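To keep things clear, I will list the structure first and then write my remarks on it.
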Amino acid sequence: MTSDATERGRFDSYVLRLTKVLGHADRAWPLRAYLTGLLLGGKRKSVEPMAAKIDPRHVSRTHQAMHHFVANSPWEERALLAVARDYALAELERHAPVGAWLVDDTGIPKKGTHSVGVAWQYCGVLGKRANCQVAVAVSLANRTMSVPAAWRLYLPKAWAGDRKRRVRAGISQEVAFQEKWRIALEEIDALLEDDLPPAPVVADAGYGDTTAFREGLTERGFSYVVGIKGETTVWPPGEQPLPPPEWTGKGRPPTRMRRKKGHKPVSVRKLAAELASGLRNYPSAWQDVRWREGTKGTMESRFAALRVRPAHRDELRHTPRPEEWLLMEWPTQEAEATKYWLSTVPEGVELAEMVALAKIRWRIERDFQELKDELGLDHYEGRGWRGFHHHGVLCMAAYCFLAAERGRLSPPQLVAFLQPAPVPEGFVPRGSPPKTRTA
């Protein structure tokens, strides 16, 4: 059997697995056509140009079938993504166990105001506020590869409270406004129900700077390495808030921790500067650490790690917050530290291991880049809630197949077997009566 035939057989088997969770046999062909369209070359991965590649003799009929499948057909996207995820995880775990759960969000710039969830908000792709959609995602990763595992649109308050726009976009009554970090925790809960292998959670400061998010991870049994802002305050090593004052015998006994002039937490930016200048002398001095080989050579920088106590609103607590790691990065060419993380990985961890864990977040950023550049994650032209999630999950299913193929090949190679999938003889798309045309 040729290599192409073997790959084709694996793709057929993969599509069959996915088909089993779609609910109706007549969704099998549109699924295959959509995945094939995503995996084939081409600048646009919206429905019409994909239909033209799949069956150029019956573009209208193919377009209709694919559009109905992605925009209207009531199949469950979580179930399909779970099958795709597990398929790719089998190859990931053949190389090494899952090493991290990566949480992030991505922006999809949009024109107009009618696409579901579009609003003037921060768009990471553009590095500024813009008219865009934002979706929260989770990937499972090790040093070899990563696998998309969750995908959900962030619904801004303006959308959540607008009944007319909700109806037009097909947003269920159960969908309410939630901050991105709450969405991330809900997606993590859903993955826990699938009994996936636990690993430290890694996220940027958009999530890590929220104390409730970090507490939510701890409550769920996760350790973490999460980014924080330079203004975040902590108690330096060996320091903590003062205990409640002695009771005078009047009123209720005081129970809350306290601060006073000359005994307050400091920002992590100030702590890094004091450590570098020698004002604070800790055994953990700045060290050069290499964490991986990149396309432009070895990735390395200067890091320091200290045991600190986060200080967020601890004057309202009855006990100090537990100690955890503060990891700081200060490249030699910079005037100050550039990145900061809080981490609850074990106290005895090596600095290089903690740095590698913090830096593994690049994999979900690469996931987004490839999902957009190669598979058209940001090409969907529909406006509805269902279509947005269906298209995103189908892109991730295509990505999971590619990830599994890469996991089999060394070095990774292009998947060469894909060909346009012809429309089955006599196929009639669901929805309105088909319109056919021949070339």
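The values are calculated or read from the model by the stated rules, or taken from the named source; none is laboratory data. Keep in mind the model is a prediction, meaning the values are calculated, not measured. Counting neighbours? That spans all protein chains shown, and the Cβs are built from the backbone with ideal geometry, glycine included.
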- Note on the structure: Listed by first then second residue, the pairs whose first member lies in the range 141-164 and is without any contact (Cβ under 8 Å) to a residue 40 or more places away in the chain, whose partner is not in a loop (DSSP other than H, G, I, E, B), with beta carbons under 7 Å and at least 6 positions apart or on separate chains, are P156/A119; P156/Q121; A158/A119
- For the range 158-184 the number of residues that are in a helix (DSSP H, G or I) and of a type in the set (A, V, I, L, M) is 6
- Mind telling me which of the residues L316, L275 ends up being in contact (Cβ under 8 Å) with a residue 12 or more places away in the chain and surrounded by 11 or more Cβ atoms within 10 Å (Cβ to Cβ)? L275
- Query: If Q369 passes every condition in (1) surrounded by fewer than 19 Cβ atoms within 10 Å (Cβ to Cβ); (2) part of a strand (DSSP E or B); (3) among the polar types (S, T, N, Q) but one, which one does it miss?
  - Reply: (2)
- Query: Looking only at strands (runs of 3 or more DSSP E) that fall completely inside the range 95-142, which ones have 2 or more residues that are more than 23 Å from V175 (Cβ to Cβ)?
  - Reply: 100-109, 128-141
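Here's the yes/no breakdown for (1) surrounded by fewer than 17 Cβ atoms within 10 Å (Cβ to Cβ); (2) more than 25 Å from the chain's Cα centre (by Cα); (3) not acidic (D, E):
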position	(1), (2), (3)
A5	yes, yes, yes
F11	no, yes, yes
L22	no, no, yes
P30	no, yes, yes
L35	no, no, yes
L39	no, no, yes
K43	yes, no, yes
P56	yes, yes, yes
- Restrict the check to the range 237-248 and report whether at least one residue is surrounded by 11 or more Cβ atoms within 10 Å (Cβ to Cβ), in contact with a Leu (Cβ under 6 Å, 6 or more places away or on another chain), on the phi < 0 side of the Ramachandran plot and in contact (Cβ under 8 Å) with a residue 12 or more places away in the chain. yes
- Pull up the range 98-117, narrow it to residues that are of a type in the set (V, I, T), under 28 Å from R220 (Cα atoms) and buried (at least 23 other Cβ atoms within 10 Å of the Cβ), then point me to the one that is farthest from the chain's Cα centre (by Cα). T106
- Task: Output the number of residues of the range 118-146 satisfying the condition of being more than 17 Å from the chain's Cα centre (by Cα), surrounded by fewer than 20 Cβ atoms within 10 Å (Cβ to Cβ) and hydrophobic (A, V, I, L, M, F, W, C).
- Result: 4
- Item | Residue identified as touching a helix residue (DSSP H, G or I) at 6+ places or on another chain (Cβ under 9 Å), more than 17 Å from T19 (Cα to Cα), among the charged types (D, E, K, R) and in contact (Cβ under 8 Å) with a residue 24 or more places away in the chain among R61, R78, R57, R85 | R61
- Message: For the range 318-333, give me each residue that is among the charged types (D, E, K, R), assigned to a loop (DSSP other than H, G, I, E, B) and at pLDDT 95 or above.
- Response: E323
- Task: Would you check if E323 is free of Cβ contacts under 8 Å to residues at least 60 places away in the same chain and closer than 27 Å to Y154 by Cα?
- Result: no
- Query: Does E353 satisfy being touching a residue at least 12 places away in the same chain (Cβ under 8 Å) and either within 27 Å of the chain's Cα centre (by Cα) or assigned by TED's automatic domain parsing to the domain that holds V103 (or both)?
  - Reply: no
